[in-house]
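Working notes for the structure below.
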Amino acid sequence: MAQRSPLLGFIPRESFMHSLTGTTKLVMMLVASIATMIGFDPRFLAVMIIISIAIWVSSRISLRELAVVLWLILLFMVLNNLMIFVFAPQYGTEIYGTSHTLIQGWGRYTITAEQLFYQLNVTLKYFAVLPIALLFIVTTSPSEFASSLNRIGVPYKAAYSVSLALRYIPDVQREYREISQAQQARGIDTSKDVSMATRVRNSAAILLPLLLASLERIETISTAMELRGFGKGSRRTWYTSKPLRARDWVAIVISFALLAISITLLYVNGGRFYNPFI
């Protein structure tokens with residue numbers, strides 16, 4: 001049986017993104033997130049989307065490998081836009097100070113150009129930030145992620161805890177599939193052939209063994225770390241740590257340049273919101 005890719009974990013490849021250090025990719029993700037979130041200018045967001053697409057293509061990661069995660073993000077994005085309109089259907093008109101009615105609705109649920117423009121900016125933020133965030137996760141090994149966190153000042157105990165959590169995700173997925181197949185062999189069906197209520201009820205027979213196996217693994221790992229004297233010293237070295245090279249510095253400089261542009265647009269636009277309705 002072919003081995004499945006993890007739902008959201010490190011995917012080894014030979015690409016430009018994989019060649020960057022974990023520190024560089026962490027800085028890129030944080031700076032890009034800040035630059036994208038502080039303003040609502042669709043021109044800048046469009047540039048960020050183009051850069052994100054270019055980075056994704058260079059990583060050689062196919063959309064199919066992250067299909068489940070991307071569908072969940074798409075669902076959350078649609079629900080977020082729906083909830084914005086349900087609870088604040090006139091928020092766009094309050095922000096931009098004008099009202100251009102497109103579809104006359106009932107009461108305050110009138111569709112305006114300002115509301116659609118605001119929600120367009122919200123949607124663009126997803127496409128601008130999430131590709132970089134996802135690529136940071138799937139192109140950075142857990143050990144390299146931990147070393148990058150420690151390099152920017154995070155205590156190594158906390159960084160190592162994050163590394164263990166990320167390293168454990170594929171193990172949990174693998175154990176879930178193994179337990180699920182074992183339970184199905186015993187007649188406990190969780191496939192699409194049974195009703196949703198039956199699937200939820202039968203899932204309890206999978207979750208309990210999975211929980212017990214996870215607790216046993218945690219005990220084994222903590223004992224092994226204690227026997228090796230983990231946490232005794234105030235500092236530690238990292239086997240996967242790599243020095244910053246020219247490509248890393250170029251990526252970091254470009255990231256901060258984009259942040260500087262985003263901050264400059266706050267002054268050019270007179271605030272966070274670019275207003276085309278003036």
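The values are calculated or read from the model by the stated rules, or taken from the named source; none is laboratory data. Just so we're clear, the structure is a prediction, and the values are computed from it rather than from any experiment. Backbone-built Cβ (ideal geometry, glycine too); neighbour counts: all protein chains shown. Note: areas computed on protein heavy atoms with side chains; ligands, DNA, RNA excluded. Shrake-Rupley method; radii C 1.70, N 1.55, O 1.52, S 1.80 Å.
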TODO: Exactly one condition in (1) farther than 22 Å from Ala35 by Cα; (2) free of Cβ contacts under 8 Å to residues at least 60 places away in the same chain is not met by Tyr156; state its number.
DONE: (2)
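Every residue, every condition in (1) under 30 Å from Leu45 (Cα atoms); (2) open to solvent by less than 50 Å² (accessible area, probe 1.4 Å), yes or no:
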| site | (1), (2) |
| --- | --- |
| Leu207 | no, no |
| Ile218 | no, no |
| Thr237 | no, no |
| Leu244 | yes, yes |
| Leu258 | yes, yes |
| Ile263 | yes, no |
TODO: Quick one: in the stretch 211-253, of everything that is assigned to a loop (DSSP other than H, G, I, E, B) and among the polar types (S, T, N, Q), which residue is nearest to Ala158 (Cα to Cα)?
DONE: Ser234
Open item on the list: I'd like the full set of residues that are farther than 30 Å from Phe44 by Cα and not small (Gly, Ala, Ser), limited to the stretch 127-150.
Closed with: Pro142, Glu144, Asn150
TODO: Pull up the stretch 86-113, narrow it to residues that are among the aromatic types (Phe, Trp, Tyr) and more than 20 Å from Asp41 (Cβ to Cβ), then point me to the one that is modelled with the highest pLDDT.
DONE: Phe87
Open item on the list: Among (1) at pLDDT 90 or above; (2) farther than 24 Å from Thr24 by Cα; (3) open to solvent by less than 70 Å² (accessible area, probe 1.4 Å), there is one condition Tyr267 misses while meeting the rest; what is its number?
Closed with: (3)
Task: Residue ID - farthest from Ser161 (Cα to Cα), chosen from residues in the stretch 206-234 that are in contact with a helix residue (DSSP H, G or I) (Cβ under 7 Å, 6 or more places away or on another chain) and free of Cβ contacts under 8 Å to residues at least 40 places away in the same chain - done: Ile206
